[in-house]
1. Pop the C-beta distance of B:Asn97 and B:Val242 into the FRET formula with R0 = 45 Å and round what comes out to the nearest 0.05.
2. Could you run the Debye sum over the Cα atoms of the range A:4-61, one equal point scatterer each and no solvent, and tell me log10 of I(q)/I(0) at q = 0.13, 0.15, 0.29 Å⁻¹, two decimals?
3. Hand me the GluC sites (Glu not before Pro) from the range B:72-162 located in a DSSP loop with no more than 15 other Cβ atoms within 10 Å, in residue order please.
4. From the backbone phi of the range B:131-141, what are the Karplus-calculated ³J(HN,Hα) couplings (6.51 cos²θ - 1.76 cosθ + 1.60, θ = phi - 60°) in whole Hz, Gly and Pro given as x?
5. What do you get when you divide the Cα radius of gyration of the range B:1-146 by 2.2 N^0.38 Å, with N the number of residues?
6. With the cut-off at 1.5 for a/c, could you classify the range B:307-370 from its C-alpha gyration tensor as rounded, prolate or oblate?
7. Enter the angle in degrees (range 0 to 90, nearest 10) between the Cα long axis of helix A:21-33 and the first principal axis of the Cα atoms of chain A, meaning the one along which they spread out most.
8. Looking only at Cα atoms, what is the convex hull volume of the protein assembly as shown per residue, in Å³?
Amino acid sequence: MPGKIKDMIDTIIEQRAQGSHIIASTIKIKLILKGINPDKYTSESPDNINVINKLDKLAEELGLKL
Amino acid sequence: MNVITAYSNQENLDEITQDLKQQIGEFDAKMVLFFASSTFDPDQTAAQMQTAFQNIPVFGCTTAGEIVTGKMLKNSIVAMAFNANIIEDIDIQIVENISNGETEGVDHAFAKFKQHFNQEVLTMDINQYVGIILIDGLSGAEERIMDRVGDLTNLLFVGGSAGDDLKFEKTYVYANGKAYSDAALLALMKPKVKFDILKTQSFCELDKKLIATKVNESERTIIEFNNKPATVAYAEAVGCSVEDAANNFMLNPVGLMVGDEPYVRSPQQIQDQNIVFYCNVLEDTELSLLKAQDMIADTKQALENKQKEMGSISVIINFHCILRTLELEAKNLMEDYGQIFADIPTIGLSTYGESYIGHINQTATMLVFN
């Protein structure tokens, strides 16, 4: 099912930002610097296992549970 | 007056620290931040600066040039004393052995912050707390340290990589009366006034994309752009010969674009057909070729915009890339640049890289206070 990557990115931003737009935009920059550009993924994006694994690791580093 | 700015370029360290102490006088300082030329003995610098200001946090680092209200200096020490009306609380932690590839020291520093402020750093209000990071500019560890800092907090840590006046031998951060190499200094502050970050890089994006298709991340080296040898692809994008590519590095770096804003990655040198950068680039990262703009006009405009946004700015800490300083020197614009900050108490340094969310190059990244 496509779109898993976008869902994971949205969850990371939502969990960490807790409704703050400023923190959300900072998290987005952090993700870009870590090699994941949120703007490149939509609900139609295929579920690339390498990116999914990277996001899992990244969520763990951020102390989040997806 | 909530800060006092001082500088000295006397002959020796004894005279300098006495001079700075005299200029700051009886001001009731809560903390002193200083930036010192690497020409002074590091251990003596740390010890004498702490002795001069006794029982308050005194911290800083070595530089590749100093900045103080209205001036860009060399072979000096610049200092800024802050009182309790501007800095309510501060805790400073040193992370040592940062080039060993580990980041546990950052976690340890954050545990200490929690103890000091009696609050989890992750839950601190981004409008009430801000951090300064000063880091060994020759450690190659900036990305890893900033990445971990960003994992552990939503607060902004801004700062720069310590310099050594372009000798590229050893850089130091200073705190607790000591000089530390291979270390990062993390200062978490609770200001009493509004603050913000101003980052400007004086570049515009060109319509030329370079995708880092093969990299050596730990060596900060790009082996291939767009599946071609890095130098070949870069030269094609710039429109110059491979032989001439390095001559374009300063005015045509590349940027990782976040919306319209570049996070600049500056090429340093060519090795074989690879390009070594001043910060790392991850594989598959899409970069845009950038073109230098008028640095004086751009910085003035950026400062004016921030002043309008905040109402006013009363204090600036400027982390200014050495590559910008070298460009200003080459164009004989050092005095003009210093004058941009003539009316606002300012302290700063020429860095070996700036820290803002990540490790970046060729910016002026400033912590500004209302």
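Please treat every number below as a calculation from the coordinates, not as lab data. Small disclaimer: the values here were computed from a predicted structure and weren't measured. Here the Cβ positions follow ideal geometry from the backbone for every residue, glycine too, while neighbour counts run over all protein chains shown.
1. The formula returns an efficiency of 0.70 here.
2. Calculated log10 I(q)/I(0) at the listed q: -0.29, -0.38, -1.36.
3. Answer by residue number: B:Glu102, B:Glu120.
4. The phi angles translate into x, 10, 10, 10, 9, 3, x, 10, 7, x, 9 Hz.
5. For the range B:1-146, the normalised Cα radius of gyration is 1.12.
6. oblate
7. 50
8. Residue-normalised Cα hull volume stands at 138 Å³.
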